[in-house]
Amino acid sequence: MNHAIIRRLVAAAGLLLSTAACQTVIDLDLQDAAPRLTMEGQLTDDGQPATVRLIRSVAYTAASSFPAVSGAFITLRDNAGGLDTLRETAAAGQYRGRTLRGQVGRQYTLRIEVEGRTYAATAALLPAVPLTGLQVRPSGFGDELELLPEYQDPAGTPNYYVFRLYRNGRLTQGIFVQSDQLTDGQPNSVPLNVQGPSPAEDALLPGDSVRVEMQHIDAGVYEYFRTLNMLLQVGLASASPANPTSNFSGGALGYFSAHAQQQRRVQIPR
Amino acid sequence: MPHCLTRYGLYVTAWLRLPGARARARRRGQGHAWRTGALLLLLTGGPTLLVRAQAPVTVSGTVQDEASGENLPGATVRVLEQPGVGTGAEADGTFALRLPTGTYTLEASFLGYGTASRRVVLTRNQRVVFRLVRTEASLSEVVVTARPRDADISKAQAGVETLDMRQITRVPVLLGEKDILKTLTLLPGVKTAGEGTTGFSVRGGNLDQNLVLLDEAVVYNPSHLLGFFSAFNADALRDLAIFKGGMPAQYGGRLSSVVDVQTRDGDRQLLRGSGGVGLIASRLALEGPVASGKGSFLLAARRTYADALLRLAPDETARNITLYFYDLNAKASYALGARSRLTFSGYQGRDALVLPIFGQRYGNRAGTLRLSHTFSDRLTSHTALVHSKYDLRLTVQANEQDFNINSKIRSWQLKHDVDWTPRAGLRLRAGLSAAHYVLTPGYVTAAAAAPVNATAARPADALETAAYVSHEWAATDRLDFTLGLRATGFRLLGPGTYATYDAAGNQLSSQTYARGQAVATYLNPEPRLAASYQLAPTTTLKAGYARNVQNLHLLSNSLASSPTDLYVPTSRNVRPELADQLSAGYFRTLGAQRAYSFSAEGYYKWLQHQIDYRDGSQLLVGQDVERTLLYGRGRAYGLELLLRKDTGRLTGWVGYTLSKSERQFADLNAGAWFNARQDRPHELSVVAVYQLTPRWSLSGTFVASTGNAVTYPVGKTFVAGQTVSVYGPRNADRLPAYRRLDVGATYEKPRPAGRRFHGSWNFSVYNALGRQNPFLITFETVPDDPTRTQAVSTALFRFVPSATYNFNF
């Protein structure tokens, strides 16, 4: 919600100041750090085993093609004694479990051993909060549309959510995080604003088919997505940007999320 | 090929944070535990020091403006026969000097005025009135005097600069709004926080380490309109002084600098007015005598009119926007008999930016009621009651679902100062101050149907007491000392629940305190030492050491100073910030008529208990912000060179600063030292005003500096379906070098004899070379090619013209 307010205030402030600013693509002499491991682990309550993707970062000026990291030893444990080993699939750098399935109420620990170092992350698989509707409405700014996911926040506990939006089957850039810090126990009133930093091709148009994925995440995963979002939203960049707060120990980039997932589709009327 | 557009997202950072809040479940009744218990003593028993056997007498009097009769506080009175002996006129324009009997030539001078001298034969106490003539009255030679001539050569104080308002008037600025804070940043050692902002950093300090005083009252947020303009209406001001180091002991509360802004006294003889019409705002000021010259008043107002223009907009959304700022300054003084003077000075400024749904309103208030009393030619006292307030409200209005986020800080202060000159070459000053603060971090008020829950306001009460003594002593004709000691006590008071946290931000303990109970108490001595040695009549060496303590901390994570920045007090977790500064300087006047002055000053500063956010922190309402804070240390050092010319047709200065400012936090940047944000090793500024003809004067400023320290990506990776930058060491990169030239011209209409009305035009172009100075560099995926990424520079202001019409009558 804060971001929504802020984005609009900013838009208005900029409009009112109507300062003609200039944007230029410039050449910068960027330092290149050694490639860093990036790990992305997922476990949902959809009956599928856990998946992990391991890649390495590249120089900023290089092409966006990220080398896969093979040969990792990866295990997943739950707090009920379950243990699974994730094996590399046919696709290099992609690992997949076999036995352990995501179960609501359990806590999962992912351990990744690669190149002599160990990284571990723990995430809780929280029960789904029902996504009861998906409204399309005007954002109030120009012709832009926004989506309102309808759900009732459970009162009394801190809850965190992340929403991903697929427009005509394609994942859009926005990562929408919500926390009930100010809205505990309330029906949701915070829309997913597609305008702002998102690229123009993510704008919602009449006739679009839209799918929203809602994940009920724990505090550690929220912290990762929140700080990731701060980096991605240009205007919200901190004066001294730093890498997102990972829930992995050991200094890796990335996150491990266990979550209950729900989705809803909507067709935007012409 | 650059593409230019109206870019909305630039000042996003200024809006980034909602005011944070402390998770202190505390109940609060009515009223405040106002326990300042103002115990005021006359601290006349300072150190008794070698008093030489003499038969001293006192010469006292006032220094006045010849035309208006207005007293001129800060004017300098020198004894020409005794180099180094002199004094400054007090706030009420009076001065007193103790001298052995004899014959002397006294010379009075003041910025922007011609000097006046008087020969006196001193056999007993004597009064002298100096009437100085404004040098601008004769337009053939405009003198832009920035400070009392030789002032920093004859006293031990180093690291101080003063600016005259008429000098500031002629310096070209953005959109023609005269701005004292932006002009300050053209002096060496004072760095602007960024293009178009009023925030500044002094000698490597943080933006919140500057004490900005308007007639002794703190202005907590001296900015308007997202920081584009300063809170001060130049029409109401007389001058300002900035202390960059070695602050005199009467000042305290911030680590890096004191900016002491003084409001003008009203004219004591005639009712007069002045004003101006500019692109952004219009101004009007009225002043005049009251009670047949026993007192005077000044009222000045300024308001913007962008909202009036918006009413004409074709778009209904635009018509419903509220956008303005205004400020009001008032000053009145009244003589209570021959020896006392009562002065009131007040300021109120407010900003509103309210859109159909969302809005923001904020404002500052500052007021001082001051009683000055002259006991004798040697002893004066000042008592002041001071009030300051800053409040901010973010509003959301939506069909009975309205809610607001509010935060504020307010303070009341009572202070008493005594100034005693027992004999020539010895001056003792002492004072006591007690200030009560209430800091209310962000809380939510919401209508019943609002989509968010209201949160409780959790104000924090604090009491800050200070006492100081300062001893100015001319040890010999050439050697001067100023020895001062200040002691600052700070106590955070209940009621409330306050927690302690470990280095990782986990709560260790929590305790609930009753009203008036001490939560945390700190006492810090602040020694202030300065010495000067006059090598030759034109050359002085100075050195000083000063410790400063800061108990109110402004948390800001943005690039620009922002109205949503949050003040937090020293607490169980947050220690008082400390700074120790050593400085030394070489001061010299040059030229046949001492037209030039040159100074070279070096400093080294150690900073302790510095505060920063944990990486990725975000302030949210209802959270205890202390959980997200980290504590570290800093170091800053530099060399400042300044060559000024204050008289003649060409006036101005050239300043150069070579400096470094670094911070170290155990949990940031892997514990290694990193560059502070405003660390710009090289900074050059040139300011020139040239009187071309009696009617036309030209002005220009040129600024060049290293770019700000920033963090660029050191790589990229792919996560959550996106290409994401990878960051390395903090602030290890630099924005490209900054260069800007501003030019201006002033046309003074000739004033026909017998006519009071007089007008002038001021024209300027900001960034006249049109250089695209990067304000911000962002990194993004190349449009149309998702496999590549690029750096995009955003430049703010180029070729910004302005015209302002000013008048007085």
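The values are calculated or read from the model by the stated rules, or taken from the named source; none is laboratory data. Remember, it's a predicted structure, so these values are computed and weren't measured experimentally. Ideal geometry is used to build each Cβ from the backbone, glycine not excepted, and the neighbour counts take in all protein chains shown.
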Item to complete: Go through B:Phe757, B:Phe799 for me and flag whichever is within 30 Å of B:Leu298 (Cβ to Cβ) and surrounded by fewer than 20 Cβ atoms within 10 Å (Cβ to Cβ).
Response: B:Phe757
Item to complete: Need at least 1 residues that are under 27 Å from B:Val212 (Cβ atoms) per element, so show me which strands (runs of 3 or more DSSP E) inside the stretch B:501-603 make the cut, counting only ones lying wholly within it.
Response: B:518-536, B:539-550, B:552-555, B:566-569, B:577-590
Worksheet item: Which of the residues belonging to the stretch A:20-55 are among the aliphatic types (A, V, I, L, M) and touching a Leu at 6+ places or on another chain (Cβ under 9 Å)?
Response: A:Ala20, A:Ala21, A:Leu37, A:Met39, A:Leu43, A:Ala50, A:Val52, A:Leu54, A:Ile55
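Does the stretch B:720-741 hold any residues that are within 11 Å of chain A (Cβ to nearest Cβ), in contact (Cβ under 8 Å) with a residue 24 or more places away in the chain and outside any loop (DSSP other than H, G, I, E, B), and which are they?
Listed by number, the residues that qualify are B:Thr723, B:Ser725, B:Asp733, B:Arg734.
Per-residue answers, yes or no, for (1) assigned to a strand (DSSP E or B); (2) crowded, with 21+ Cβ neighbours inside 10 Å; (3) modelled with pLDDT of 90 or more; (4) more than 8 Å from every other protein chain (Cβ to nearest Cβ):
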{"residue": "A:Gln195", "(1), (2), (3), (4)": "no, no, no, yes"}
{"residue": "A:Ser198", "(1), (2), (3), (4)": "no, no, no, yes"}
{"residue": "A:Arg211", "(1), (2), (3), (4)": "yes, no, yes, yes"}
{"residue": "A:Tyr255", "(1), (2), (3), (4)": "yes, yes, yes, no"}
Practice prompt. Could you list, in sequence order, all residues of the stretch B:440-491 that are assigned to a loop (DSSP other than H, G, I, E, B) and farther than 30 Å from B:Pro576 by Cα?
Written response: B:Ala447, B:Ala448, B:Ala449, B:Ala450, B:Pro451, B:Val452, B:Asn453, B:Ala454, B:Ala475, B:Thr476, B:Asp477, B:Arg478
Worksheet, complete the sentence: Picked from the stretch B:742-757 (must be among the small types (Gly, Ala, Ser) and within 30 Å of B:Leu796 (Cα to Cα)), the residue nearest to the other protein chains (Cβ to nearest Cβ) is B:Gly744
Item to complete: Report whether or not A:Tyr119 is surrounded by 19 or more Cβ atoms within 10 Å (Cβ to Cβ) and among the aromatic types (Phe, Trp, Tyr).
Response: yes
Worksheet item: Scanning for something at the interface with chain A (Cβ under 10 Å from one of its Cβ atoms), over 30 Å from B:Tyr113 (Cβ atoms) and of a type in the set (Gly, Ala, Ser), does the stretch B:705-719 turn up at least one residue?
Response: yes
Worksheet entry | Flag if B:Gly744 is more than 30 Å from B:Val687 (Cα to Cα), surrounded by 15 or more Cβ atoms within 10 Å (Cβ to Cβ) and in contact (Cβ under 8 Å) with a residue 12 or more places away in the chain | no
Worksheet entry | Where B:Thr701 falls short, out of the listed (1) facing chain A (nearest Cβ under 7 Å); (2) outside any loop (DSSP other than H, G, I, E, B) | (1)
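Answer yes or no as to whether B:Arg788 is in a strand (DSSP E or B), more than 33 Å from the chain's Cα centre (by Cα) and either facing chain A (nearest Cβ under 7 Å) or without any contact (Cβ under 8 Å) to a residue 40 or more places away in the chain (or both). Give the steps one after another, and end with the answer.
On the way: in a strand (DSSP E or B): yes; more than 33 Å from the chain's Cα centre (by Cα): yes; either facing chain A (nearest Cβ under 7 Å) or without any contact (Cβ under 8 Å) to a residue 40 or more places away in the chain (or both): yes.
Spelling it out, B:Arg788 is indeed in a strand (DSSP E or B), more than 33 Å from the chain's Cα centre (by Cα) and either facing chain A (nearest Cβ under 7 Å) or without any contact (Cβ under 8 Å) to a residue 40 or more places away in the chain (or both).
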Discussion item. Can you pull out every residue in the stretch B:589-637 that is modelled with pLDDT under 85 and closer than 20 Å to B:Asp679 by Cβ?
Written reply: B:Tyr613, B:Asp615
Fill in: Only one of B:Gly246, B:Gly253, B:Gly204 that is farther than 30 Å from B:Tyr805 by Cα, in a loop (DSSP other than H, G, I, E, B) and within 15 Å of the chain's Cα centre (by Cα)
B:Gly253
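Can you tell me which residues in the stretch B:152-198 are among the charged types (D, E, K, R) and under 30 Å from B:Gln82 (Cβ atoms)?
First pass over the stretch B:152-198, keeping only residues among the charged types (D, E, K, R): B:152, B:155, B:161, B:164, B:166, B:170, B:177-179, B:182, B:191, B:195.
Correct list: B:Asp152, B:Lys155, B:Glu161, B:Asp164.
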Fill in: Matching entry among A:Ala128, A:Ala123, A:Ala91 (being in contact with a helix residue (DSSP H, G or I) (Cβ under 8 Å, 6 or more places away or on another chain) and among the aliphatic types (A, V, I, L, M))
A:Ala123
Discussion item. Given the condition facing chain A (nearest Cβ under 9 Å) and either in a strand (DSSP E or B) or touching a residue at least 60 places away in the same chain (Cβ under 8 Å) (or both), answer yes or no: does some residue in the stretch B:758-773 qualify?
Written reply: yes
Worksheet, complete the sentence: Per the list (1) over 22 Å from B:Val549 (Cα atoms); (2) touching a Pro at 6+ places or on another chain (Cβ under 8 Å); (3) of a type in the set (Gly, Ala, Ser), residue check on B:Ala499 breaks on (2)
Worksheet, complete the sentence: Residues of the stretch B:356-393 being away from chain A (no Cβ under 14 Å), over 24 Å from B:Asp417 (Cβ atoms) and surrounded by fewer than 21 Cβ atoms within 10 Å (Cβ to Cβ), in sequence order, are B:Asp391
Discussion item. Quick check on this structure: which one of B:Thr322, B:Thr343 is in contact with a helix residue (DSSP H, G or I) (Cβ under 8 Å, 6 or more places away or on another chain) and either under 30 Å from B:Pro422 (Cα atoms) or of a type in the set (Val, Ile, Thr) (or both)?
Written reply: B:Thr322
